[in-house]
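The values are calculated or read from the model by the stated rules, or taken from the named source; none is laboratory data. From a predicted model like this one, the values you see are computed outputs, not experimental measurements. Every residue, glycine among them, receives a Cβ derived from its backbone with ideal geometry; neighbour counts consider all protein chains shown.
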Amino acid sequence: MATSTALKTRLKGKEDLAEGTMGFHFAKPEGFQFKPGQSIDLTLIDPAETDAEGNIRTFSIACAPENGDLLVATRMRDTAFKRVLRAAPLDLEVGLEGPMGSFTLHNNPAKAAVFLAGGIGITPFSSIVRHAANAKLPHQLYLFYSNRRPEDAPFMNVLNELTGMNPNFHFIPTMSEMERSVAQWNGETGFINKEMLLRHLPALEGPIYYIAGPPAMVTAMRQMLTAAGVDEDDIRTEEFAGY
């Protein structure tokens with residue numbers, strides 16, 4: 001695995017990914033390599049404003065390693081860091097450290113991977129499933145993706161497209177507050193639970209489970225899986241706090 005190194009990079013693009021969520025594209029430093037699911041630290045250099053939360057944030061990389069740039073996505077809370085990033089001109093230079101983390105796909109393709117994502121917790125899985133399609137990985141991948149409404153859900157179009165590119169990728173999005181949505185929705189509703197998993201998985205025991213989202217969601221999903229008999233050793237988690 002590449003060692004974590006302090007580097008510089010520049011902002012190359014910004015986009016709205018969903019209501020209240022933006023994507024930021026940064027130039028990939030020469031020789032920079034990462035595994036899908038890993039994260040980076042971005043540091044604002046002499047920002048116009050700062051606050052108690054500071055000038056550094058950790059972001060999972062949301063694109064595949066094959067991409068020409070580095071994509072991160074974030075909920076746009078009203079913090080100094082997010083305000084500076086939102087208003088930043090293209091070519092703004094920032095500090096980059098990474099890659100970091102071991103929230104990466106297991107090697108054994110005989111074991112399926114079940115991804116349980118809540119909101120912005122989709123970012124590491126976005127990288128993993130994009131790479132799996134590009135590299136034609138043999139793993140069976142099941143992505144359960146929980147949001148309040150379709151309007152709040154980043155990467156829906158990309159993830160739907162990937163189901164057509166990769167026959168081993170099974171995408172199960174679910175919405176918990178459709179009464180507040182103006183969008184059409186024919187998919188699953190409610191929170192991810194044991195019954196939902198059983199509707200889409202051959203069996204609960206056997207896969208490796210990966211959970212990413214707000215801390216309360218990660219805790220609830222882990223408790224649900226262990227109560228259903230899933231081995232603790234087959235559960236991997238990543239918490240997204242404060243986004």
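Quick test of your reading of the structure: Ala87 fulfils all but one of (1) assigned by TED's automatic domain parsing to the domain that holds Met196; (2) farther than 22 Å from Ile211 by Cβ; (3) among the small types (Gly, Ala, Ser). Name the failing condition by number.
Condition (1) is where Ala87 drops out.
Which of the residues spanning region 7-40 are of a type in the set (Asp, Glu) and in a loop (DSSP other than H, G, I, E, B)?
Glu19, Glu30
Looking at the structure I just gave you, is Thr79 over 19 Å from Gly121 (Cα atoms), modelled with pLDDT under 95 and buried (at least 16 other Cβ atoms within 10 Å of the Cβ)?
Considered against the rule, which asks whether it is over 19 Å from Gly121 (Cα atoms), modelled with pLDDT under 95 and buried (at least 16 other Cβ atoms within 10 Å of the Cβ), Thr79 comes out as yes.
Considering region 194-243 alone, what residues qualify as being in a helix (DSSP H, G or I), hydrophobic (A, V, I, L, M, F, W, C) and more than 15 Å from the chain's Cα centre (by Cα)?
If the condition is that a residue be in a helix (DSSP H, G or I), hydrophobic (A, V, I, L, M, F, W, C) and more than 15 Å from the chain's Cα centre (by Cα), then Met196, Leu197, Leu198, Ala216, Ala220, Met221, Met224, Leu225, Ala227 are the ones that fit.
Does Phe81 satisfy the condition of being of a type in the set (Phe, Trp, Tyr), in contact with a Lys or Arg (Cβ under 7 Å, 6 or more places away or on another chain) and closer than 30 Å to Ala203 by Cα?
Spelling it out, it is not the case that Phe81 is of a type in the set (Phe, Trp, Tyr), in contact with a Lys or Arg (Cβ under 7 Å, 6 or more places away or on another chain) and closer than 30 Å to Ala203 by Cα.
Do you know which of the residues in region 181-220 that are at pLDDT 95 or above and of a type in the set (Asp, Glu) is nearest to Ile235 (Cα to Cα)?
In this case the residue turns out to be Glu195.
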